[in-house]
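The values are calculated or read from the model by the stated rules, or taken from the named source; none is laboratory data. The model shown is predicted, which means the values in this text are computed figures rather than measured ones. Heads up, the Cβs are rebuilt from the backbone with ideal geometry, glycines too, and the neighbour counts pull from every protein chain shown.
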Amino acid sequence: MMTAGPTGIRGAARFFGQSLLSLLFDIGGLVAGGILAVFLGIFTRVPWAILVFPGILSTRGAVGGLFSGRLSTALHIGSIKPRFLHNTPEYYDLIQSVVLLTLTSAVSMGGVASIFALFILNTTLYDAITMISVVMATMGISLIAISPITIAVSVVSVRRGLDPDVVTYPIVSTVADILVTVCYLFILDAYSTQPLSLPAMWVFDVGFLIVGASIIFRDRHDGDVTSTLRQFLTTLIIITLIVNVTGSFLDRITQIVSTRPELYMVYPALIDTVGDVGSIVGSTTTTELTMGSLPPRLSGLFKQKMAVTVSWMASEVMFVGYSILAALTFGVGLNAYLGFVGLLMSANVIAVWLVMFFAFTLAILTAKKGLNPDNFVIPIESSVADTITTLSILVVLLLFPY
């Protein structure tokens, strides 16, 4: 059985190194933003496309967070082996659950977005159906691409002596953002320029539905699969509400700093980093709870103080790196840079500590309720992190405009 969380000076240094290594992948958030900017013209051809995009990222991140959290905990306690094939029944149950959750999320999120578009954007019923189909295709293709990467990162981290709680979700979440963005833009481009692509997309979606239905029929008496689905539906409702709140805060920031491209450049990386730090704390906490080495009480936060402090320090390093990279890219002067880095550091202190406390508290509360914390902590935390980070930036901007 592995241990979770750092102990001693050497353990803290090792935990810091692993945390920083995993957070370095958040630089990829700039890549996702760059890709989106280059292909921004697609959103003029498909007016409803921008409405759906944030929800796709959030729901895909929620499913990925559940997958990473459950996989990391199981690797720690030995109920899943660090290998790709010939694994335990829990391993295959988890994969089937992820497929089913992805399908459920796609249909639910696409349905809600299409209803919203019908009443707000006055889209046609045909457009509404197409929205659901595009979301399903995007989520399905990204599932095929991202799931093997999640397993690979977890397995390789264990084989290399790294902590999967620290490494898996931060790395996979960034890679997933890039892949989901590419998948979504590819499907939208095909839909808007090649009429024959729509029937092909429908065929894929029907196949996805058949796979999901077969899993439900085969595993309808499997307590783990049905429990995971039932618990995740609550998470999905919460995430849907959070996405809309985040959008309103981001719109307010745009009104304040519409001429500050350096902030827009780093924004995707900021929300990735804060969410990933929360995932590190949340994942190590759920592992400790599962192993029985941490009591399900809020006072247990003191036992996690090393992991919390070290994770925050790693995020500070990343925020400074983002500020330097953005300043060099846009030629920001010294005075403006000092204000910019001050903004990021202040937002970091507010957002990271709030998200870490939220992740820890959520893990404790779900465990005390007899639920599986891995079904809730990272999926909800990652979405809450987007909102808290965006709100923190807005608060600092209002108090100390730069």
Count of region 354-379 residues which are among the charged types (D, E, K, R) and part of a helix (DSSP H, G or I): 2
Of the conditions (1) under 17 Å from I27 (Cα atoms); (2) at pLDDT 90 or above, the single one that T150 does not satisfy is (1)
What pairs come out if I take residues in region 264-288 that are without any contact (Cβ under 8 Å) to a residue 24 or more places away in the chain and pair them with residues that are basic (K, R) whose C-beta lies under 6 Å away, six or more apart or interchain? none
Within region 353-387, restricting to residues that are surrounded by fewer than 24 Cβ atoms within 10 Å (Cβ to Cβ) and of a type in the set (D, E, K, R), the one that is nearest to R230 (Cα to Cα) is K369
Please state which one of S392, S382, S315 is more than 18 Å from V166 (Cβ to Cβ), part of a helix (DSSP H, G or I) and polar (S, T, N, Q). S392
Identify the residue in region 238-266 that is modelled with pLDDT of 70 or more and in contact with a Ser or Thr (Cβ under 8 Å, 6 or more places away or on another chain) and, among all such residues, is surrounded by the fewest Cβ atoms within 10 Å (Cβ to Cβ). I238
Sole residue being assigned to a helix (DSSP H, G or I), within 17 Å of M139 (Cα to Cα), aliphatic (A, V, I, L, M) and touching a residue at least 12 places away in the same chain (Cβ under 8 Å), chosen from V206, V180: V180
Inspect region 72-82 for any residue being crowded, with 23+ Cβ neighbours inside 10 Å, assigned to a loop (DSSP other than H, G, I, E, B) and modelled with pLDDT of 80 or more and give the result as yes or no. yes
Any chance region 24-44 includes a residue that's within 30 Å of F302 (Cα to Cα), assigned to a helix (DSSP H, G or I), among the aromatic types (F, W, Y) and at pLDDT 85 or above? no
For I151, indicate whether it is of a type outside the set (D, E) and over 23 Å from M109 (Cα atoms). yes
Go over the candidates V153, V112 one by one and state the one that is free of Cβ contacts under 8 Å to residues at least 24 places away in the same chain and within 23 Å of the chain's Cα centre (by Cα). V153
Do we have any residue at all in region 63-73 that's under 25 Å from the mean Cα position of the chain (by Cα) and either more than 24 Å from A176 (Cα to Cα) or charged (D, E, K, R) (or both)? yes
Take P195 and tell me if it is farther than 23 Å from L270 by Cα, over 19 Å from the mean Cα position of the chain (by Cα) and not in a helix (DSSP H, G or I). yes
State the number of residues belonging to region 200-237 that are more than 27 Å from N372 (Cα to Cα), surrounded by fewer than 17 Cβ atoms within 10 Å (Cβ to Cβ) and in contact with a helix residue (DSSP H, G or I) (Cβ under 9 Å, 6 or more places away or on another chain). 4
